[in-house]
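As structure tokens, the structure follows; a few thoughts come after it.
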Amino acid sequence: SENGTSGRGALIVFEGMDRSGKSTQARRLLNHINATTKHGAILQPFPDRNEPIGQLIDRYLKREIDFSEKALHLAFSANRWQKEPLILETIDKGVDVICDRYAFSGVAYSMAKGLDRSWVRQSDVGLPRPDIVLYFEVSPEVAKSRGGFGEERLEKEELQRNVAKEMQGLRGENWIIINANNDEDTVERDVRIAYENIIKTKELGKLTE
Ligand code: NYM
Ligand code: MG
């Protein structure tokens, strides 16, 4: 495989607020990697609304069913664990995995709603650790200008502000801050630069507390 020194694929995570442009840019990076490399990439959104647990999350977000806050947190986490084997197999084959949101959303949203930090982190411990987290930082004004809040639960301005605050505390040394106020082509360029500069350890790591 031509994918780096270890031959394994990279685990790339996009994080950020609603309407920061991460889904658009995750798709653009997917197309770029598939057009320019032999190894290719897959796109894995979280929540994955096609999975059994993801279907329940989807119904929760659409206000069709209710969850207690802790049960909801574990559902988001279980939705990721459901995909762990696929992520590991894909990385092992040398193919990159791009996640549109990941455990950082899980932790930040639940902490913003008042759940305890160590409790919320526990359910994601051991999941594959991303090689890079692209954090899309967008000002509330720009996010607003991209269209009003949607119909789904959790799309509330005050909650979003608290989530953004919690995200600050999750930054690690593998995080790259992307200025998501910029136009789409500028953001795409910054994402590609970050992709070209990923430093992979021999083995994929695991999330810790
Ligand atoms: N969300 C997403 C969580 O609350 N916890 C999680 O673990 C994840 C992955 O789901 N408002 C929230 C953030 C969003 C909502 O996500 C739906 P999206 O990216 O809009 O489909
Ligand atoms: Mg959304």
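Of note:
Okay, residues lined up against (1) open to solvent by 50 Å² or more (accessible area, probe 1.4 Å); (2) among the small types (Gly, Ala, Ser):
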position: Val95; (1), (2): no, no
position: Ala112; (1), (2): no, yes
position: Glu157; (1), (2): yes, no
position: Ala194; (1), (2): no, yes
position: Ile198; (1), (2): no, no
position: Thr201; (1), (2): yes, no
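- Considering (1) acidic (Asp, Glu); (2) under 18 Å from the mean Cα position of the chain (by Cα); (3) within 16 Å of ligand 1 (Cβ to nearest atom), the lone condition that Asp190 does not fulfil carries the number (3).
- Scanning region 14-56 for residues that are within 16 Å of ligand 2 (Cβ to nearest atom), among the aliphatic types (A, V, I, L, M) and open to solvent by less than 50 Å² (accessible area, probe 1.4 Å) turns up Met17, Ala26.
- Entirely in region 124-209, the helices (runs of 4 or more DSSP H) that have 1 or more residues that are within 24 Å of Lys113 (Cα to Cα), acidic (Asp, Glu) and out of contact with any Cys (no Cβ under 6 Å at 6 or more places or on another chain): 140-145, 157-168
- Members of region 135-152 that are at pLDDT below 90 and within 12 Å of ligand 1 (Cβ to nearest atom): Phe149, Gly150, Glu151, Glu152
Condition check ((1) surrounded by 19 or more Cβ atoms within 10 Å (Cβ to Cβ); (2) under 23 Å from Gln168 (Cβ atoms); (3) not hydroxyl-bearing (Ser, Thr, Tyr)) across all residues:
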| site | (1), (2), (3) |
| --- | --- |
| Asp58 | no, no, yes |
| His73 | yes, yes, yes |
| Trp81 | no, no, yes |
| Glu84 | no, no, yes |
| Glu89 | no, no, yes |
| Ala103 | yes, yes, yes |
| Tyr109 | yes, yes, no |
| Trp119 | no, yes, yes |
| Val138 | yes, yes, yes |
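The values are calculated or read from the model by the stated rules, or taken from the named source; none is laboratory data. What you are looking at is a predicted structure, and each value in this text was computed from that prediction instead of being measured. Reconstructed Cβ throughout: ideal geometry from the backbone, glycine too, with neighbour counts over all protein chains shown. With ligands, DNA and RNA removed, areas are computed over all heavy atoms of the protein, side chains included. Shrake-Rupley method; radii C 1.70, N 1.55, O 1.52, S 1.80 Å.
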